[in-house]
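Have a look at the structure below before the remarks.
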Amino acid sequence: MEARLNVFASPLANKLIKHFVGAGKVAHESTIPDSTLELVKIRASQINGCGFCLDMHTKDAAAAGETQQRLHMVGAWREATVFTEAERAALELAEQGTRIADAAGGVPDEVWANAAKHFDQEELVALVATIAAINAFNRLNVMFQQPAGDYRPGQFA
């Protein structure tokens, strides 16, 4: 696969990405564990078919100590026993927020209520911001056809 354009050579793309990254870093200042935020990014990236983001976030999660078993089970989190109830609520919100165009009315109230049982208001803001940011990155990378596989953990830190 070859990228449609070199986003790293584009001043406009670099400026845009800098702002997206900045917004994403704010969410990591919340009290939500980074591992939960990485799982959310992985799940949204799976749904959106973004290889670049899957490569990045699975490698970053593994480098931060996430187990291979949990990384392999993200796509089947409903059947997996390796996730906490809070992680499951975050993954469900990520799925619904990513598939928002598929559901008339948006995220169902019961999905939001379940997330609100596990996360306070500030954490919900961080969770929604993470879901929005990863969906934006997924769309950029999928449309640009950004190749995946060469990412090194922490490369853009």
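The values are calculated or read from the model by the stated rules, or taken from the named source; none is laboratory data. Not measured: the values here are computed from a predicted model. With ideal geometry, Cβ positions are generated from the backbone for all residues, glycine too; neighbour counts draw on all protein chains shown. Surface accessibility is based on the protein's heavy atoms, side chains included, excluding ligands, DNA and RNA. Shrake-Rupley method; radii C 1.70, N 1.55, O 1.52, S 1.80 Å.
Numbers below:
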| quantity | calculated |
| --- | --- |
| Of His28, Ala148, Gln96, farthest towards positive along the dipole that unit charges on Lys, Arg, Asp, Glu beta carbons give the chain | Ala148 |
| Prolate/oblate/rounded label for the stretch 13-157 (Cα gyration tensor, a/c 1.5) | rounded |
| HN-Hα J in Hz across the stretch 74-84 - Karplus 6.51, -1.76, 1.60, θ = phi - 60°, x for Gly and Pro | 4, x, 10, 4, 4, 8, 8, 9, 8, 10, 6 |
| Label-zone membership for the stretch 124-157, site Ala62, 7 angstrom Cα→C-beta point, backbone N under 19 Å | 147-157 |
| Unit charges on C-beta of K, R, D, E only; dipole of the chain, Debye | 580 |
| Degrees, to the nearest 10: 51-63 long Cα axis against longest axis of the chain | 70 |
| Cα-centred dipole magnitude for the stretch 6-71, charges only on beta-carbon of K, R (+1) and D, E (-1), debye, nearest 20 | 200 |
| Rounded accessible area per residue of the stretch 9-157, 1.4 Å, Å² | 54 |
| Helix-derived mean residue ellipticity, 222 nm - over the chain, DSSP H n ≥ 4, -39500 (n - 2.57), to 500 | -20500 deg cm²/dmol |
| The stretch 39-136: trypsin sites (Lys or Arg not before Pro) in DSSP coil with no more than 15 other Cβ atoms inside 10 Å | Arg78, Arg99 |
| With every protein chain in place, the chain: carbon and sulfur % of accessible area (1.4 Å) | 57 |
| Residue-count net charge about Ala61 - beta-carbon cut-off 10 Å; Lys, Arg +1, Asp, Glu -1 | -1 |
| The chain - percent relative contact order, Cα under 8 Å, separation 6 or more | 40 |
